[in-house]
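Student: What follows is a structure written as structure tokens; I'll ask about it next.
The values are calculated or read from the model by the stated rules, or taken from the named source; none is laboratory data. Remember, predicted model here, so these are calculated numbers, not experimental data. Positions of Cβ are backbone-derived with ideal geometry, glycine not excepted, and every protein chain shown enters the neighbour counts.
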Amino acid sequence: MATDKSVHDFSVKTIDGTTKKLDAYKGSVLLVVNVASKCGLTPQYTALEALNQTYREKGLRVLGFPANEFGAQEPGTNEEIKSFCSTSYDVTFDMFAKLKVKGEGTDPLFQYLSDETGGVIKWNFNKFLIGKNGEILARFEPQVEPSSPEVKAAIEKALAS
């Protein structure tokens, strides 16, 4: 990657409003996803939670970041998003406060992820696989299902390293 920064250098707000330093996840493999509640891809929450259930004990942490830049498909408040995710998809993975993933005011974490992986986020449900030491290992575009063999293989390889 182009910089000596890592994902662990960033802090973000949780969906409950507290600040969390991502270095708290050192030693875990992360799947960072920009999510939305009213998108055609919203059913990917099911597969993301399945990954969480399957790989959490092995060291995977799925991190959901709601964003509203694409067709205003995440219009709710953080409280509404949290309720939707838990009641509609039984989400137990870590969710964060709504933020911007492209354009003016982009959150620094997502600016870094975009810059380091070759370009702007084009839609909801981009997936970034982050290694145990905070380096970006892979980027999967929105149409790539979390349950796809390529995503699972990348997660398993990262967990084994």
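Student: Cβ-Cβ under 7 Å, sequence separation 6+ or interchain: first residue in the range 118-137 and on the phi > 0 side of the Ramachandran plot, partner β-branched (Val, Ile, Thr). Which pairs?
Tutor: Matching pairs, first to second residue: 125/33; 125/35; 134/7.
Each row is one residue, and each column tells you yes or no for (1) more than 21 Å from residue 12 (Cβ to Cβ); (2) buried (at least 19 other Cβ atoms within 10 Å of the Cβ); (3) not β-branched (Val, Ile, Thr).
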| residue | (1), (2), (3) |
| --- | --- |
| 87 | yes, no, no |
| 91 | no, yes, no |
| 122 | yes, no, yes |
| 130 | no, yes, no |
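Student: Taking the stated definitions as given, is residue 91 more than 20 Å from residue 151 (Cα to Cα) and of a type in the set (A, V, I, L, M)?
Tutor: Working: more than 20 Å from residue 151 (Cα to Cα): no; of a type in the set (A, V, I, L, M): yes.
Considered against the rule, which asks whether it is more than 20 Å from residue 151 (Cα to Cα) and of a type in the set (A, V, I, L, M), residue 91 comes out as no.
Student: What residue, among those in the range 136-161 that are in a loop (DSSP other than H, G, I, E, B) and charged (D, E, K, R), is surrounded by the fewest Cβ atoms within 10 Å (Cβ to Cβ)? I'd like the intermediate steps shown before the answer.
Tutor: Within the range 136-161, the subset in a loop (DSSP other than H, G, I, E, B) is 141-148, 161.
With charged (D, E, K, R) added as a condition, the list becomes 141, 145.
On the way: 141: 11, 145: 18.
Ranking the qualifying residues of the range 136-161, first place goes to 141.
Student: Go through (1) more than 12 Å from residue 35 (Cα to Cα); (2) buried (at least 19 other Cβ atoms within 10 Å of the Cβ) for residue 111 and report which single condition fails.
Tutor: Going through the list (1) more than 12 Å from residue 35 (Cα to Cα); (2) buried (at least 19 other Cβ atoms within 10 Å of the Cβ), residue 111 breaks only (2).
Student: In the range 12-40, which residues are without any contact (Cβ under 8 Å) to a residue 12 or more places away in the chain and among the aliphatic types (A, V, I, L, M)?
Tutor: Hit for the range 12-40 is 24, nothing else.
Student: Could you list, in sequence order, all residues of the range 122-154 that are under 15 Å from the mean Cα position of the chain (by Cα) and either hydroxyl-bearing (Ser, Thr, Tyr) or modelled with pLDDT under 95 (or both)?
Tutor: Passing the criteria: 122, 147.
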